[in-house]
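Report on the structure given below.
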Amino acid sequence: MTHQVTALSNVNGNATGVEGILQNVAFILSTFTIPCPLREYVTRSDIRKPFQRMKKINTKRLIECIQRFEPRAVVVDVDYLGDVNRGKLEPIVKVIVNE
């Protein structure tokens with residue numbers, strides 16, 4: 001079964017099993033930051049290029065973090081919500097849980 005996970009908003013101290021694994025992934029997502037390229041060196045029409053590159057780099061870093069700190073969750077897909085023009089991207093990860 002595939003689960004969609006976003007950044008953690010509430011902590012359930014009694015989470016166990018699949019819920020605990022998904023909470024661990026959400027915690028990793030909530031602490032994960034995506035550095036913003038220097039905007040003063042980028043023209044308005046080129047602003048998407050650095051962000052597309054940063055998304056690729058950070059997707060790799062995000063998958064590595066989840067594999068390292070929560071190996072029971074297998075990443076299937078990583079997508080981002082947010083506004084490139086405001087410099088805010090929030091990762092959304094789809095995982096399969098191996099208990």
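Below are the figures for this structure:
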| item | result |
| --- | --- |
| The range 59-82, subset more than 15 Å from THR2 (Cα to Cα) and touching a strand residue (DSSP E or B) at 6+ places or on another chain (Cβ under 8 Å), residue surrounded by the most Cβ atoms within 10 Å (Cβ to Cβ) | ILE66 |
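This table checks each residue for (1) more than 22 Å from ASN85 (Cα to Cα); (2) modelled with pLDDT under 90.
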| residue | (1), (2) |
| --- | --- |
| VAL5 | yes, no |
| VAL11 | yes, yes |
| GLN23 | yes, no |
| ILE34 | no, yes |
| VAL42 | no, yes |
| ASN58 | no, yes |
| ILE63 | yes, no |
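The values are calculated or read from the model by the stated rules, or taken from the named source; none is laboratory data. None of the values given here were measured: they were computed from a predicted structure. Here the Cβ is made from the backbone with ideal geometry for all residues, glycine too, and neighbour counts use every protein chain on show.
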